[in-house]
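A.B. asks: Structure below; questions to follow.
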Ligand SMILES: [Zn+2]
Ligand SMILES: [Zn+2]
């Protein structure tokens with residue numbers, strides 16, 4: 001399993017590096033991700049904030065406050081080509097959620113979990129052998145000291 005991943009937007013203005021292994025992807029079927037991506041939702045790698053860095057360009061962000069949790073989610077995207085790149089909760093809980101379709105190398109990566117399946121588009125195929133949640137995940141456990 002690689003421990004470094006590179007990715008970027010469609011036009012190449014934004015590039016990033018993840019210095020961490022990606023053990024599995026999580027698909028989000030919420031209405032907001034459907035709107036943001038124009039598709040069935042988002043497929044994501046959840047990575048520690050300090051292992052993710054933008055190496056070229058700068059993203060714009062849309063602060064999505066219309067979330068069911070009431071938290072504001074900053075959705076970062078390329079202002080030139082519109083590719084969604086990552087999202088981040090406020091305050092940042094220590095991880096960012098990177099849109100897996102922007103990774104250069106996706107080989108071997110699989111969806112291991114699905115959230116917001118209760119609002120999934122009728123066309124979305126959800127593998128029932130993965131971990132499925134009708135809404136969001138419970139909050140992550142506190143980080144070990
Ligand atoms: Zn771009
Ligand atoms: Zn979502």
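The values are calculated or read from the model by the stated rules, or taken from the named source; none is laboratory data. Bear in mind the structure is a predicted one, so any value in this text is a computation, not a measurement. Quick reminder, even Gly has a Cβ in these numbers, built from the backbone with ideal geometry, and neighbours come from all protein chains shown.
A.B. asks: Considering 61, 51, which residue is over 20 Å from residue 124 (Cβ atoms), in contact with a strand residue (DSSP E or B) (Cβ under 8 Å, 6 or more places away or on another chain) and within 16 Å of ligand 1 (Cβ to nearest atom)? Break it down into steps so the answer makes sense when it comes.
C.D. replies: Working: 51 fails: within 16 Å of ligand 1 (Cβ to nearest atom).
Among 61, 51, only 61 is over 20 Å from residue 124 (Cβ atoms), in contact with a strand residue (DSSP E or B) (Cβ under 8 Å, 6 or more places away or on another chain) and within 16 Å of ligand 1 (Cβ to nearest atom).
A.B. asks: Answer yes or no as to whether residue 68 is at pLDDT below 95, touching a helix residue (DSSP H, G or I) at 6+ places or on another chain (Cβ under 9 Å) and within 14 Å of ligand 2 (Cβ to nearest atom). Walk me through how you get there before you give the answer.
C.D. replies: Details: at pLDDT below 95: yes; touching a helix residue (DSSP H, G or I) at 6+ places or on another chain (Cβ under 9 Å): yes; within 14 Å of ligand 2 (Cβ to nearest atom): yes.
When the stated conditions are applied, residue 68 passes them.
A.B. asks: Looking at region 19-48, which of its residues are out of contact with any strand residue (DSSP E or B) (no Cβ under 9 Å at 6 or more places or on another chain) and within 16 Å of ligand 1 (Cβ to nearest atom)?
C.D. replies: Within region 19-48, just 38 meets the criteria.
A.B. asks: Within region 73-94, can you find the residues that are more than 16 Å from ligand 1 (Cβ to nearest atom), surrounded by 15 or more Cβ atoms within 10 Å (Cβ to Cβ) and over 14 Å from residue 136 (Cβ atoms)? Let's see the steps before the verdict.
C.D. replies: Step one: of region 73-94, the residues more than 16 Å from ligand 1 (Cβ to nearest atom) are 73-74, 87-94.
This time we only want the ones that are surrounded by 15 or more Cβ atoms within 10 Å (Cβ to Cβ), so: 73-74, 87-89.
Listed by number, the residues that qualify are 74, 88.
A.B. asks: How about region 19-40: which of its residues are more than 17 Å from residue 122 (Cβ to Cβ) and either part of a loop (DSSP other than H, G, I, E, B) or touching a helix residue (DSSP H, G or I) at 6+ places or on another chain (Cβ under 8 Å) (or both)?
C.D. replies: Across region 19-40, the qualifying residues are 19, 20, 21, 22, 23, 24, 25.
A.B. asks: Spot the failing condition for residue 13; the list is (1) modelled with pLDDT of 95 or more; (2) assigned to a loop (DSSP other than H, G, I, E, B); (3) in contact with a strand residue (DSSP E or B) (Cβ under 9 Å, 6 or more places away or on another chain); (4) within 14 Å of ligand 2 (Cβ to nearest atom), and only one is missed.
C.D. replies: (4)
A.B. asks: May I pose another question? Of all residues in region 95-116, how many are in contact with a strand residue (DSSP E or B) (Cβ under 9 Å, 6 or more places away or on another chain), loosely packed, with under 14 Cβ neighbours inside 10 Å and either under 22 Å from residue 138 (Cα atoms) or without any contact (Cβ under 8 Å) to a residue 40 or more places away in the chain (or both)?
C.D. replies: Total satisfying the criteria: 1.
A.B. asks: On to the next question. Looking only at region 41-64, decide whether some residue is part of a loop (DSSP other than H, G, I, E, B), on the phi < 0 side of the Ramachandran plot, surrounded by fewer than 21 Cβ atoms within 10 Å (Cβ to Cβ) and within 15 Å of ligand 2 (Cβ to nearest atom).
C.D. replies: Looking only at region 41-64, we keep the residues that are part of a loop (DSSP other than H, G, I, E, B), and these are 41, 57-59.
Keeping just the survivors that are on the phi < 0 side of the Ramachandran plot gives 58-59.
Adding the requirement that they be surrounded by fewer than 21 Cβ atoms within 10 Å (Cβ to Cβ) leaves 58-59.
Checking the rest, the ones that are also within 15 Å of ligand 2 (Cβ to nearest atom) come to none.
No, region 41-64 contains no residue that is part of a loop (DSSP other than H, G, I, E, B), on the phi < 0 side of the Ramachandran plot, surrounded by fewer than 21 Cβ atoms within 10 Å (Cβ to Cβ) and within 15 Å of ligand 2 (Cβ to nearest atom).
A.B. asks: Which one of the conditions (1) over 27 Å from residue 124 (Cα atoms); (2) away from ligand 1 (no atom under 16 Å from the Cβ) does residue 16 fail to meet, given that it meets all the rest?
C.D. replies: (2)
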